[in-house]
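Data block below; observations after.
The values are calculated or read from the model by the stated rules, or taken from the named source; none is laboratory data. Since we're looking at a predicted model, the values are computed, not measured. Reconstructed Cβ throughout: ideal geometry from the backbone, glycine too, with neighbour counts over all protein chains shown. Ligands, DNA and RNA are excluded from the accessible area calculation, which covers all protein heavy atoms including side chains. Shrake-Rupley method; radii C 1.70, N 1.55, O 1.52, S 1.80 Å.
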Amino acid sequence: WYWQKEKREPYVKFMEANYPPGFSYEDFGPLFTAEFFDPNQWADTLKASGAKYVVLTSKHHEGFTLWGSKYSWNWNAVDVGPKRDLVAELAMSVRNRTDLRFGLYHSLFEWFNPLFLEDATNFFKTRKFPTSKSLPELYEIVTRYQPEIIWSDGNGNALDTYWNSTGFLAWLYNDSPVRDTVVTNDRWGVGSICTHGGFYTCSDRYNPGHLLPHKWENCMTVDKRSWGYRRDAQLDDYLAIEDLVKQLVETVSCGGNLLMNIGPTHDGRIAVIFEERLRQMGAWLKVNGEAIYGTKPWRAQNDTVTPEVWYTFSPKEGKVNAVFLNWPVSGTLTLGEPQAKLGETQV
């Protein structure tokens, strides 16, 4: 998009410097090889992170599907590049080796698809693209892979009526093979974000810092500058585990889930720094997970006296958890919010 549509100078120059003249985006297809893709190793790393669900980008805004879609001829991972069904392989490994829920991200629109561009030119009065591409793909991935999270994205400035989102969602929740377990987000057309959906995402890297009345998710990136893999990334570009734990604690205390994004490489690896961050998160959760898993927001989200203290509530045990992100210099932690009763309150 930056290179071919917006023609931003750094991107144009990068392509000129590193690729042959006349190199097109389509030429990346065969270069996406995934020869080191080991879905079992991915599943083991995801499990070690302490996550409860995983969402794979099955198709982004450029239309390349990671499964052998009937509706994406010669522009999918089975026909071009890896020559493998990456969605099927990861789904199988995650389900065989972990108890994580398996989810799929799917982009409604495609930047350069001629049918979408034609519909857009017609102010979305025609619906060639959703009827022949987007919707059939959605039915295909649900029927074939039975994902329990559908993470929709990319409304292309069109209303939900253009996408027939309500029609698809009605099928998903009433007749689909995952009707009893599926959850969805809020990106189903202009006006639906942060308004309709099983959980709200509101915006990328959304972390409001206060309680929301509806379940939500903070979808953010370990690489501060990218959702993908950058060969030229510096160590400073990656969030440290302390930053990630802070995001997790703030998010959960305000009623959200954390979706931490990592970008794998063209040859199918989770880069070592991403793997380290995932495993560090898992190590932290092994110690502190009871303040995260199965909790609800408490009446106060953070403390009034001591900064960087966040609360969660464990309804089964009837207990309040206070997570403090900075060790008190005095050696004494002072909490203003809990109101202890003599003889009743245990600390």
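Which of the following residues is on the phi > 0 side of the Ramachandran plot and of a type outside the set (Lys, Arg): Gly256, Gly268? Result: Gly268 is the single residue among Gly256, Gly268 that is on the phi > 0 side of the Ramachandran plot and of a type outside the set (Lys, Arg). Checking each residue in the stretch 1-26 for being among the charged types (D, E, K, R) and under 27 Å from the mean Cα position of the chain (by Cα) picks out Lys5, Glu6, Arg8, Glu26. Taking the stretch 294-316 as the range and being open to solvent by 30 Å² or more (accessible area, probe 1.4 Å), more than 10 Å from Leu211 (Cβ to Cβ), out of contact with any helix residue (DSSP H, G or I) (no Cβ under 9 Å at 6 or more places or on another chain) and not in a strand (DSSP E or B) as the test, the residues that pass are Gly294, Thr304, Val305, Thr306, Pro307, Pro315, Lys316.
Among the conditions (1) modelled with pLDDT of 95 or more; (2) surrounded by fewer than 19 Cβ atoms within 10 Å (Cβ to Cβ), Ala291 misses just one, which is (2). The single condition among (1) out of contact with any helix residue (DSSP H, G or I) (no Cβ under 7 Å at 6 or more places or on another chain); (2) open to solvent by less than 60 Å² (accessible area, probe 1.4 Å); (3) without any contact (Cβ under 8 Å) to a residue 60 or more places away in the chain; (4) not aliphatic (A, V, I, L, M) that Arg95 does not meet is (2).
The number of residues in the stretch 321-347 that are assigned to a strand (DSSP E or B) and loosely packed, with under 11 Cβ neighbours inside 10 Å comes to 0. Only residues that are within 24 Å of Leu244 (Cβ to Cβ) and of a type outside the set (Phe, Trp, Tyr) were counted across the stretch 314-328, and they come to 8.
For first residues located in the stretch 326-347 and among the small types (Gly, Ala, Ser), partners that are open to solvent by 70 Å² or more (accessible area, probe 1.4 Å) and lie 6+ apart or on another chain with Cβ distances below 6 Å form the pairs Gly336/Thr304; Gly336/Val305.
Can you confirm whether the stretch 135-153 contains a residue that is small (Gly, Ala, Ser), in the same structural domain as Asp267 (by the TED database), modelled with pLDDT of 95 or more and open to solvent by 10 Å² or more (accessible area, probe 1.4 Å)? For the stretch 135-153, residues small (Gly, Ala, Ser), in the same structural domain as Asp267 (by the TED database), modelled with pLDDT of 95 or more and open to solvent by 10 Å² or more (accessible area, probe 1.4 Å): absent. Note on the stretch 257-291: residues that are hydrophobic (A, V, I, L, M, F, W, C), outside any loop (DSSP other than H, G, I, E, B) and more than 15 Å from the chain's Cα centre (by Cα) amount to 8. Selection within the stretch 264-288: residues that are surrounded by fewer than 18 Cβ atoms within 10 Å (Cβ to Cβ) and among the β-branched types (Val, Ile, Thr). The member of this set that is farthest from Lys224 (Cα to Cα) is Val287. Taken together, Trp188, Trp171, Trp216 contain a single residue that is under 17 Å from the mean Cα position of the chain (by Cα) and closer than 25 Å to Ser132 by Cβ, which is Trp188. Restricting the stretch 196-220 to residues that are among the hydroxyl-bearing types (Ser, Thr, Tyr) and touching a strand residue (DSSP E or B) at 6+ places or on another chain (Cβ under 7 Å) leaves a set whose member that is least open to solvent (accessible area, probe 1.4 Å) is Thr201. When the stretch 146-187 is filtered for residues that are in contact (Cβ under 8 Å) with a residue 60 or more places away in the chain and more than 23 Å from Ala51 (Cα to Cα), only Gly154 remains. Suppose the filter is assigned to a helix (DSSP H, G or I) and not aromatic (Phe, Trp, Tyr); does Ser192 pass it? Criteria not met by Ser192.
Considering only residues that are of a type in the set (S, T, N, Q) and closer than 16 Å to Val55 by Cβ, look in the stretch 221-254 and name the one that is surrounded by the fewest Cβ atoms within 10 Å (Cβ to Cβ). Looking at the filtered set, the residue picked out is Thr221.
Taking the criterion of being under 15 Å from His266 (Cα atoms), assigned to a loop (DSSP other than H, G, I, E, B) and open to solvent by 60 Å² or more (accessible area, probe 1.4 Å), the residues of the stretch 1-44 that qualify are Glu35, Phe36, Asp38.
The number of residues in the stretch 113-130 being aromatic (Phe, Trp, Tyr), surrounded by fewer than 17 Cβ atoms within 10 Å (Cβ to Cβ) and touching an Asp or Glu at 6+ places or on another chain (Cβ under 7 Å) comes to 0.
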